[in-house]
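Take a look at the structure set out below.
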Amino acid sequence: MNIDVIIKNGTVIDGTGMRRRTTDIAIKDDKIVFMNQHIPQNAATIIEAQEMIVAPGFIDIHSHSDFLWLARPESDSKIRDGVTTEICGNCGLSAFPLRGKLLERRSQGLAKYGIVPTWQSATGFYDTAEKAKSSINRAFLVGHGNIRACTLEYENRQPHPHELTHMGSDLEEAMEAGAFGMSSGLIYPPGCYANLHEVAEMCKVVAKYDGFYATHIRNEGNTLAEALTEAIEISKHSGVSLQVSHLKTSGRKNWHKIKDIKMMIDRARDEGVDLTCDRYPYIAAATDLDVILPPWIYEGGTEKEIQRLKDQNTRKLITKEISQEHDDATWHEIMISSVCNDKNKWMEGKRISEIAVLLDKPPLETIFDLLIEEDTRVDIFLFSMCKENLETILGWDFVFVGSDSSLRANQGILHSGKPHPRSYGTFSRVLRKFCLERQLLSEEKAIQKMTGLPAEKAGLDRRGLIKEGYFADITIINPKKVTDKSTFTEPHQYSEGIEYVLVNGKITIAGGKHNGATHGRILRKYR
C-alpha cells in the first residue's frame, strides 16, 4: 500500500481519555490506516512529531460560524487553534430555515460580508454549502428560533396546533437534510416566547432522528435553577439527548449556586437523562446589548423594539424593570465589543459606565440611545463570572470544551471590531492555562473533552479519535509553545504552538502556517 502521510515518533493522546503512548501513524487518502512503531517509511510526506502531542482534531461543539465561513473559507482563527470540525447553529440561531422577517434581518446583517442568503430551506442551504470550500469540516444544528420566526415571526404568543405542525414540518425537513439536532436560545427573541410544551414537542421530532438538543437556557443567573429544571424536563418529556450550552453561574450574587447546579445535574443523570454541557475558558460572556431588555420589548421584531426605545414613557417602564434585576455594578461589567456605525467605533473596548460618564448620560439612557443608533446591532462582553467556578465547571466529566464563537481572521473582511478572544484561543487556552499551568486537567482529559466526547454526543461518524479506520483529522501540538494570544483589547491574534493540522488526511497547517488548503467537508447526520 502506498502511504500518503506518516506521523513519526509523536506522543499520541487519542481522544478516549486513556494514557498517552508513542507510536507512528500512517494515513492513506482521508483515513488513518495503520498505527504502530513499525510502519514502512515510504510515505510521500513524513512529519517528525518527536516531543509533540498528536491528538484528534479538536471538535468545537458550540460554534457560531453559521455564515462567516462562506466569506472566509480558510477558517483561520479556528484551524490555527487546532479545530478541524465545528458544530454550528447554536443558541437557537442557525443558517436555516430563513423566511420572512428573519430572512430580511439576516440578509441585512450579512451584506457587509458580501454574503447573500439565496436559500430558504435546510435543503437549499446544504446544496449551497456542499458547493463552497472550507479548510475545516462543519456540522449543523437547526435553530428553534429560526423555526419559530419562520412561522410566527416575532409574536409573543403560543403557536396554534396547525402552526406547531408547520414548525414540526420545518424541523423534519432540516433533520432529513442532515442536521444533527436542534438548538434553542430561550433568552433571545423569538425563542424567549416559547413555553416548555412547545420546545418539548419539537424535541420529540429531534429524538425520533436520534439528534441532540443544545440549549441556551432561559436564565443563567437569578433564576438559573428554574431554567435548568426546564431544560431537564424538556429532555424527560421528549426523550431527547440534552446539551446545556456554556454552563455558568452569571452574576456575583449567583456564584454560590454552583453546588446546587452540580447536584441537579447529577440527579438528572442518575435518573437516566442524557445530559452533558459545554463551556469556554473565560469569565466573560459575549452577547447582544439588548439582551438586558425585558422580553416584551422584542415583540414584533427590530422595528417595534426601536419604536419602544424611542418612547419616553416606555423607557421609564423599561428602566424600572431593569433596575429590579440589575444594580449599578452591572454597567461596569458590560464592555462594548462591536458596533456598526463609524461614529460609535470609539466605544469599542470601553465599559458602559465609562461611556456614560464621557457622554454625561445615565447608563441606561446611554444604552437605549446606542441601540437606536445602531439598529440594535451592538455586541458586548459581559464580565459576570468568577474564575473559581469556571475552573470547577471545566473539571466536571460531563462538560466539554466549546468556543461559543464564530471564526474570525486577522486580515480581510473578518478583521473588524473586538470579538471575544474565544474566537481565536479557546482550545489552546485550555491546554496552556488549565493543563500545563494550573494542572487542573490532564492533557488526556482535556483532549477527550475537545474530541472524543463531543464526537460521541453529536454522533459524528468516525471522527474524534485517533484510531485505525477513522478520518484523519489530526492536530499536532508543541506543548512547550502552545498558548492563546488573543485578548479582549487586542483580540485578532492567532494561537501559537499548533504546529500541524490535517483535515481529512490533508495537511492544512504546517509549521504553524496555513497553506491555503480547503479539504473540509459538510457533515450530515444521515450521509
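The values are calculated or read from the model by the stated rules, or taken from the named source; none is laboratory data. If you're wondering where the values come from, they're calculated on a predicted model, not measured in any experiment. With ideal geometry, Cβ positions are generated from the backbone for all residues, glycine too; neighbour counts draw on all protein chains shown. These accessible areas exclude ligands, DNA and RNA; they are computed on the full protein's heavy atoms, side chains included. Shrake-Rupley method; radii C 1.70, N 1.55, O 1.52, S 1.80 Å.
Applying the criterion of being of a type in the set (Ser, Thr, Tyr) and within 30 Å of Ser338 (Cα to Cα) to the residues of region 442-498, the residue that is most open to solvent (accessible area, probe 1.4 Å) is Thr489.
The number of residues in region 171-191 being assigned to a helix (DSSP H, G or I), touching a strand residue (DSSP E or B) at 6+ places or on another chain (Cβ under 8 Å) and either basic (Lys, Arg) or open to solvent by 20 Å² or more (accessible area, probe 1.4 Å) (or both) comes to 0.
On the given criteria, is Asp278 of a type in the set (Asp, Glu), within 20 Å of the chain's Cα centre (by Cα) and surrounded by 22 or more Cβ atoms within 10 Å (Cβ to Cβ)? So Asp278 fits the description; yes. Of the helices (runs of 4 or more DSSP H) lying entirely inside region 257-348, those containing at least 1 residues that are under 26 Å from Lys457 (Cα atoms) are 258-270.
Scan region 356-373 and tell me whether some residue there is assigned to a strand (DSSP E or B) and either open to solvent by less than 20 Å² (accessible area, probe 1.4 Å) or not small (Gly, Ala, Ser) (or both). Spell out the reasoning first.
Going through region 356-373, the residues assigned to a strand (DSSP E or B) turn out to be none.
No, region 356-373 has no match at all.
If you take the residues of region 2-19 that are assigned to a loop (DSSP other than H, G, I, E, B) and within 11 Å of Gln41 (Cα to Cα), which of them is least open to solvent (accessible area, probe 1.4 Å)?
Pass one, region 2-19, residues assigned to a loop (DSSP other than H, G, I, E, B): 2-4, 13-19.
Subsequent filtering for residues that are within 11 Å of Gln41 (Cα to Cα) retains 2-4.
Details: Asn2: 116, Ile3: 12, Asp4: 50 Å².
If we take residues in region 2-19 being assigned to a loop (DSSP other than H, G, I, E, B) and within 11 Å of Gln41 (Cα to Cα), then Ile3 is least open to solvent (accessible area, probe 1.4 Å).
Here Asp397 fulfils each of the conditions (1) in contact with a Gly (Cβ under 8 Å, 6 or more places away or on another chain); (2) outside any helix (DSSP H, G or I) apart from (1). Is it the case that region 222-236 has a residue that's outside any helix (DSSP H, G or I), under 24 Å from the mean Cα position of the chain (by Cα) and at pLDDT below 95? Taking every residue of region 222-236 in turn, at least one turns out to be outside any helix (DSSP H, G or I), under 24 Å from the mean Cα position of the chain (by Cα) and at pLDDT below 95. Among helices (runs of 4 or more DSSP H) entirely within region 415-527, having at least 3 residues that are among the hydroxyl-bearing types (Ser, Thr, Tyr) and within 17 Å of the chain's Cα centre (by Cα) singles out 422-429.
Just the residues that are of a type in the set (A, V, I, L, M, F, W, C) and under 21 Å from Val291 (Cα atoms), please, taken from region 104-126.
Just the residues of region 104-126 that are of a type in the set (A, V, I, L, M, F, W, C), to begin with: 110-111, 115-116, 119, 122, 125.
Within region 104-126, Leu110 is the sole residue that qualifies.
Taken together, the residues in region 120-152 that are in contact with a Leu (Cβ under 9 Å, 6 or more places away or on another chain), open to solvent by 10 Å² or more (accessible area, probe 1.4 Å) and outside any helix (DSSP H, G or I) amount to 3. For region 34-87, what are the residues that are under 15 Å from the mean Cα position of the chain (by Cα), surrounded by 23 or more Cβ atoms within 10 Å (Cβ to Cβ) and hydrophobic (A, V, I, L, M, F, W, C)? Result: Phe58, Ile59, Ile61, Trp69, Ile79, Val83, Ile87. Each residue in region 88-105 was checked for being assigned to a loop (DSSP other than H, G, I, E, B), within 15 Å of the chain's Cα centre (by Cα) and not hydroxyl-bearing (Ser, Thr, Tyr), and 6 of them qualify. Scanning region 153-170 for residues that are open to solvent by 60 Å² or more (accessible area, probe 1.4 Å) and touching a Cys at 6+ places or on another chain (Cβ under 9 Å) yields Asn156, His166.
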